[in-house]
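*Asks:* There's a structure below that I have some questions on.
The values are calculated or read from the model by the stated rules, or taken from the named source; none is laboratory data. Being a predicted model, the structure only gives us computed values, none of them experimental. Here the Cβ positions follow ideal geometry from the backbone for every residue, glycine too, while neighbour counts run over all protein chains shown. For accessibility, only protein heavy atoms count, side chains too; no ligands or nucleic acids. Shrake-Rupley method; radii C 1.70, N 1.55, O 1.52, S 1.80 Å.
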Amino acid sequence: DLDRMGAKGENHLEKLCLDAGLKFSKVQPDKTGKDYIVEFDLEPPGHTPLDRRPPPLQIVVQVKTILAKNDSAKVSLSVAERLAKDTRPAIILIFKIDENFDIVDLFFVHLVDSPLATILHALRRASLKQSPRLNHMSVSFRTKRALRVENNWPAFRTAISKIPGSGMLEYAANKARQ
């Protein structure tokens with residue numbers, strides 16, 4: 001049932017992106033914890049010379065699907081490290097499903113500020129071990145501390161578009177400072 005749950009969440013993300021007019025790429029093979037890259041269109045021609053257009057907004061997405069009765073999702077520390085150290089905006093997208101495998105809730109854990117600090121603190125603790133095996137360690141993120149997003153494409157598009165803020169270059173610089 002875990003594979004079915006995961007597939008349900010990934011399929012729902014793809015549907016939300018398609019309905020919202022967002023581009024997405026599924027990262028294959030799934031070895032780095034980056035399930036998807038969600039991307040907005042480039043700025044339309046005419047406003048800025050084409051060679052000076054800013055890069056398109058991109059968000060790295062790790063999808064987690066959990067039962068509705070649960071309130072946290074675990075991510076292996078090896079995956080969390082890759083997400084935290086990527087200079088692009090990264091989120092853990094948590095879908096909650098009911099007993100009929102219907103998506104009933106959707107949450108964003110944006111990996112900046114407190115969630116990023118959680119990962120970095122776990123990595124510091126792991127570095128004290130003789131031979132840390134990060135793929136056998138995990139960090140958890142609670143939905144109570146995540147951004148709840150309405151489960152429809154307009155709300156999804158609005159919420160995900162706010163994540164990079166003023167643009168990719170400034171976002172990368174701010175994330176690196178944290």
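*Asks:* Scan (1) within 30 Å of Met137 (Cβ to Cβ); (2) within 13 Å of the chain's Cα centre (by Cα) for the single condition Glu39 breaks and write down its number.
*Replies:* (1)
*Asks:* Continuing with this model, one more query. Here is a check on your reading of the model: is Leu147 open to solvent by less than 10 Å² (accessible area, probe 1.4 Å) and not small (Gly, Ala, Ser)? Give the derivation first.
*Replies:* Numbers: open to solvent by less than 10 Å² (accessible area, probe 1.4 Å): no; not small (Gly, Ala, Ser): yes.
Answer is no for this residue.
*Asks:* Next question. Which residue, of Ile59, Ile103, is closer than 21 Å to Thr32 by Cα and among the β-branched types (Val, Ile, Thr)? First the steps, then the outcome.
*Replies:* Numbers: Ile103 fails: closer than 21 Å to Thr32 by Cα.
The unique qualifying residue is Ile59.
*Asks:* So is Leu93 within 20 Å of Phe40 (Cβ to Cβ) and not in a strand (DSSP E or B) or not? Walk me through it before giving the result.
*Replies:* Values: within 20 Å of Phe40 (Cβ to Cβ): yes; not in a strand (DSSP E or B): no.
Here the answer is no, as Leu93 does not meet what is asked.
*Asks:* Pairs under 7 Å by beta carbon, first residue crowded, with 18+ Cβ neighbours inside 10 Å in segment 150-178, partner among the hydroxyl-bearing types (Ser, Thr, Tyr), six or more apart or different chains?
*Replies:* Matching pairs, first to second residue: Pro164/Tyr171; Lys175/Thr87.
*Asks:* Now for a different question. Could you check, for segment 75-85, whether at least one of its residues is modelled with pLDDT under 95 and open to solvent by 60 Å² or more (accessible area, probe 1.4 Å)?
*Replies:* yes
*Asks:* Looking at Phe101 and the list (1) under 28 Å from Ala172 (Cα atoms); (2) aromatic (Phe, Trp, Tyr); (3) open to solvent by less than 30 Å² (accessible area, probe 1.4 Å), which single condition is not satisfied?
*Replies:* Phe101 satisfies all of (1) under 28 Å from Ala172 (Cα atoms); (2) aromatic (Phe, Trp, Tyr); (3) open to solvent by less than 30 Å² (accessible area, probe 1.4 Å) except (1).
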